[in-house]
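Below: one structure, written as structure tokens.
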Amino acid sequence: MEPYIQISFLNDFIFCPRSIYFHQLYSGFKDTIYKQTPQIAGETAHTSIEEKKYSTQKYVLQGIEIFSEQYNLCGKIDVFDSKTGRLTERKREIKTIYDGYVFQVYAQCHALREMGFEVKEIIIHDLVHNKNFPVPLPENDPVMQQKFENLVQQINDFDLLKTDFVPNKQKCENCIYNQLCDYSLC
Ligand code: SF4
């Protein structure tokens, strides 16, 4: 069986397929060794979820591990209200709803459904502006669902050792791994 793909890799892969390698390589290290301030700030948005402080209600699931056999994905959710069927992913600040954000919540939605939960609504929440961004359910947006499936397939097919990879200078300049990567253009 193929190893599970971490849900957080979906966004990383869109940015640069090679970044997944470094993400895995440094996953056991202290964040400050290789992460930059905006990324660390974004991750603090999830701190109360990780510590399960968001709600004490039993029907509100927080930070639980999820798996999808169908898509070979694993990860964690932020918040799922099993009474209302609302799945919420919190971001520190949202400037635009990137495809990667949508794929992340699609992965969570599919995994929760496989685990027997009924997901009826998906929200991405901007903590800085206290604003909700509704995301159509996968069955209501076939184009995004197809893009999601294509992305999962691309990750499964990606070969780090293939030599035809072409880096993007602008991305390399904004990449937290650019001091470590031998393909970096900066
Ligand atoms: S430095 Fe460039 S090629 Fe390397 S992982 Fe980052 S974006 Fe990709």
Find the relative contact order for region 110-186 and round it to a whole percent, using C-alpha pairs within less than 8 Å whose residues are 6+ positions apart.
-> 15 percent
Averaged per residue, what accessible surface does region 119-176 expose to a 1.4 Å probe, in Å²?
-> 65 Å²
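Tally Lys and Arg at +1 and Asp and Glu at -1 over the other residues with C-beta under 10 Å from the C-beta of PHE133: what net charge comes out?
Here the count lands on 0.
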Based on Cβ point charges of +1 for Lys and Arg and -1 for Asp and Glu, what charge dipole magnitude is obtained for region 122-179 about its Cα centre, in debye rounded to the nearest 20?
-> 240 debye
Lysines whose Cα lies under 16 Å from that of LYS58, excluding same-chain neighbours fewer than 8 positions away | LYS83
Using the Cα gyration tensor of region 86-179, the equivalent ellipsoid's semi-axes, largest first and to the nearest Å, work out to 28, 20, 11
Working out 0.36 nm times the residue gap between SER82 and GLU65, then minus their Cα-Cα distance, what length gain in nm do you get to one decimal?
-> 4.6 nm
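The values are calculated or read from the model by the stated rules, or taken from the named source; none is laboratory data. Predicted model, so just to flag it, every value in this text is computed and none were measured. With ideal geometry, Cβ positions are generated from the backbone for all residues, glycine too; neighbour counts draw on all protein chains shown. Areas reflect the complete protein model, heavy atoms only, side chains present, ligands, DNA and RNA absent. Shrake-Rupley method; radii C 1.70, N 1.55, O 1.52, S 1.80 Å.
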